[in-house]
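Engineer: Starting off with a structure, shown below.
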Amino acid sequence: MYEVFADLHIHIGRAQNNKPIKITAARSLNFENIAKECAERKGINIAGIIDCASPYVIEDIEAFLKNGEAMELDERRNYIQR
């Protein structure tokens, strides 16, 4: 059995361009900081970003995938390197 650690309810406070996403969330809670905290310090394998439908958050996620700092899974659970 494969063990994973997940946080499925994370809000983003600001986008990388400093635009507000969730006003009541901390300004330091941007996608980059959350992803690094999950991966490097907390050992979280799966992070559910509640505000992922925001156009600014989508831009941040796409930039992360494009510059190679993150990878996505296809439907067969294989990593896709962009």
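The values are calculated or read from the model by the stated rules, or taken from the named source; none is laboratory data. Keep in mind that this is a model prediction, so the values were computed, not measured. Virtual Cβ from ideal backbone geometry, glycine too; neighbours counted across all protein chains shown.
Engineer: How many of the residues making up region 5-35 are over 11 Å from Ala47 (Cβ atoms), loosely packed, with under 15 Cβ neighbours inside 10 Å and of a type in the set (A, V, I, L, M)?
Structural biologist: Looking only at that region, the number is 2.
Engineer: Starting from residues that are under 18 Å from Asn18 (Cβ atoms) and modelled with pLDDT of 90 or more, keep the ones in region 50-82 and report whichever is surrounded by the most Cβ atoms within 10 Å (Cβ to Cβ). Steps first, answer last, please.
Structural biologist: Step one: list which residues in region 50-82 are under 18 Å from Asn18 (Cβ atoms), which gives 51, 54-64.
Okay, now just the ones that are also modelled with pLDDT of 90 or more, so 51, 54-60.
On the way: Asp51: 18, Ser54: 17, Pro55: 9, Tyr56: 19, Val57: 22, Ile58: 14, Glu59: 15, Asp60: 24.
Out of the qualifying residues, it is Asp60.
Engineer: Here is a further query. When only residues in region 11-26 that are part of a loop (DSSP other than H, G, I, E, B) and of a type outside the set (A, V, I, L, M) count, which is modelled with the lowest pLDDT?
Structural biologist: Residues of region 11-26 that are part of a loop (DSSP other than H, G, I, E, B), as a first pass: 11-13, 15-19, 21-26.
Cutting the leftovers down to of a type outside the set (A, V, I, L, M) gives us 11, 13, 16-19, 22, 24.
On the way: His11: 94, Gly13: 94, Gln16: 92, Asn17: 94, Asn18: 93, Lys19: 94, Lys22: 90, Thr24: 86.
Looking at residues that are part of a loop (DSSP other than H, G, I, E, B) and of a type outside the set (A, V, I, L, M), I get Thr24.
Engineer: Kindly indicate whether Leu8 is at pLDDT below 90, of a type outside the set (Ser, Thr, Tyr) and outside any loop (DSSP other than H, G, I, E, B). First the steps, then the outcome.
Structural biologist: Details: at pLDDT below 90: no; of a type outside the set (Ser, Thr, Tyr): yes; outside any loop (DSSP other than H, G, I, E, B): yes.
For Leu8, the condition - at pLDDT below 90, of a type outside the set (Ser, Thr, Tyr) and outside any loop (DSSP other than H, G, I, E, B) - is not met.
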